[in-house]
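The values are calculated or read from the model by the stated rules, or taken from the named source; none is laboratory data. Keep in mind the model is a prediction, meaning the values are calculated, not measured. Note that each Cβ is placed from the backbone with ideal geometry, even for glycine, and that neighbours are counted across all protein chains shown. Heads up: the accessible areas ignore ligands, DNA and RNA and are worked out on the full protein's heavy atoms, side chains in. Shrake-Rupley method; radii C 1.70, N 1.55, O 1.52, S 1.80 Å.
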Amino acid sequence: MAERRVAVVTGANKGIGLEIAHQLARMGVTVYLGARDEARGRAAAEKLRAEGLDARPLSLDVTDERSVAAAAALLERDAGRLDILVNNAGIFVDDGPPSRVSADSLRRTYETNVFGVVRVTQALLPLLRRSDAGRIVNMSSGLGSITQNSDPRSPFAAVKCLAYNSSKSALNAITVQFAHELRDTPIKVNAADPGYVATDMNRHQGVRSVAQGAATPVRLATLPSDGPTGGYFNDAGSVPW
Ligand code: NAP
């Protein structure tokens, strides 16, 4: 029997991350649910375990160097390799128009949405390199598309949240760079746009379900060996950068 794939999903205690973990676990993947709050992570993993799924809590605050190093050490001991990393943890700081954005809003947003992704990816890359089909999925957003954000006809044009949008544009750039460095390995690195999904992040104003939002990241997390790398996708296909 083939070995079970091993996945880490960051920010998996709720929202789209929890649903990604759920869908991957239902596909027979052993899923570590990253959560910065241990109790919330345990409760989320417990829910999936109650369905007979192999879901495990993983204490992981993406902004905290020591927490990330401890999570990497635990995975090294427990699993010895990693097949799928979904960098899902993200925050949205409501910061008003660009002229009023504080450096603190930018710093806090980037600490999670940008530096957190690089920190976690670098820490877990040695484990991903041991996989014969490593997959990294970065949870971007349609708001990270500079093409859409600068097109006055696009529904995204009116949404000018400087810290959040630019953090996701930076994440897109980071996706391309990691994909390039890893182009001669089996590891594929892609960015996912889940659409506007009803979660705590938008006080459940989103129009899509978490199941719909998880579809693209799960597809990218389980791409076949001839699948793309260095791309930016939603359910409809490629998203313009
Ligand atoms: P959510 O319900 O607010 O969930 C965000 C998750 O990230 C929570 O588990 C949260 O943990 C976690 N998180 C935040 N900071 C963290 C940190 N420092 N370390 C570890 N975990 C942390 O939001 P969501 O809508 O599911 O968002 C998931 C991802 O999708 C985000 O990257 C978001 O930008 C992206 N996205 C969402 C939408 C949408 O319409 N909802 C659209 C495009 C992109 P706590 O519970 O501890 O806060």
Between Gly11, Gly80, Gly28, which is small (Gly, Ala, Ser), surrounded by 15 or more Cβ atoms within 10 Å (Cβ to Cβ) and at positive phi?
Gly11
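Got at least one residue in region 72-80 being among the small types (Gly, Ala, Ser) and under 19 Å from Ile16 (Cα atoms)? Before you say what the answer is, go through the steps one by one.
Step one: list which residues in region 72-80 are among the small types (Gly, Ala, Ser), which gives 72-73, 79-80.
Keeping just the survivors that are under 19 Å from Ile16 (Cα atoms) gives none.
Taking every residue of region 72-80 in turn, none turns out to be among the small types (Gly, Ala, Ser) and under 19 Å from Ile16 (Cα atoms).
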Strands (runs of 3 or more DSSP E) enclosed by region 124-241 - at least 2 residues per element that are open to solvent by 50 Å² or more (accessible area, probe 1.4 Å) and within 16 Å of the ligand (Cβ to nearest atom)
none
Please go through region 96-123 and pick out each residue that is in contact with a helix residue (DSSP H, G or I) (Cβ under 6 Å, 6 or more places away or on another chain) and open to solvent by 50 Å² or more (accessible area, probe 1.4 Å).
Pro98, Leu106, Tyr110
Output the number of residues of region 45-72 satisfying the condition of being of a type in the set (D, E, K, R), within 14 Å of the ligand (Cβ to nearest atom) and open to solvent by less than 50 Å² (accessible area, probe 1.4 Å).
1
Just one of (1) modelled with pLDDT of 95 or more; (2) more than 13 Å from the ligand (Cβ to nearest atom) trips up Gly116, so point out which.
(2)
